[in-house]
């Protein structure tokens, strides 16, 4: 599916399509990123991308992240040798 930009209606969903779209986006989980990191101009775009990716693997309670370099490189479409 292509990326979507969603405007959420306050307190309820406007239609069934919106509900299905939200369920599709959440069905495999999600990661939350810190505004302090994402809005810091001293952190490079590449560093923010890696941080965001790692957040998708972060445990919700402990904030520990377990993902191997090979898997990360494969999912991000880069060579593990470069990183």
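The values are calculated or read from the model by the stated rules, or taken from the named source; none is laboratory data. The structure presented is a predicted model; accordingly, all values stated were derived computationally and were not measured. Cβ atoms come from the backbone with ideal geometry, glycine included; neighbour counts cover every protein chain shown.
Within the stretch 41-83, the set of residues being modelled with pLDDT of 85 or more, over 17 Å from the mean Cα position of the chain (by Cα) and outside any loop (DSSP other than H, G, I, E, B) comprises 69, 70. Applying the condition of being within 21 Å of residue 73 (Cβ to Cβ) and surrounded by 13 or more Cβ atoms within 10 Å (Cβ to Cβ) to the stretch 25-40 and asking which residue is modelled with the highest pLDDT yields 33. Residue count for the stretch 51-67, restricted to those that are without any contact (Cβ under 8 Å) to a residue 12 or more places away in the chain and surrounded by 10 or more Cβ atoms within 10 Å (Cβ to Cβ): 1.
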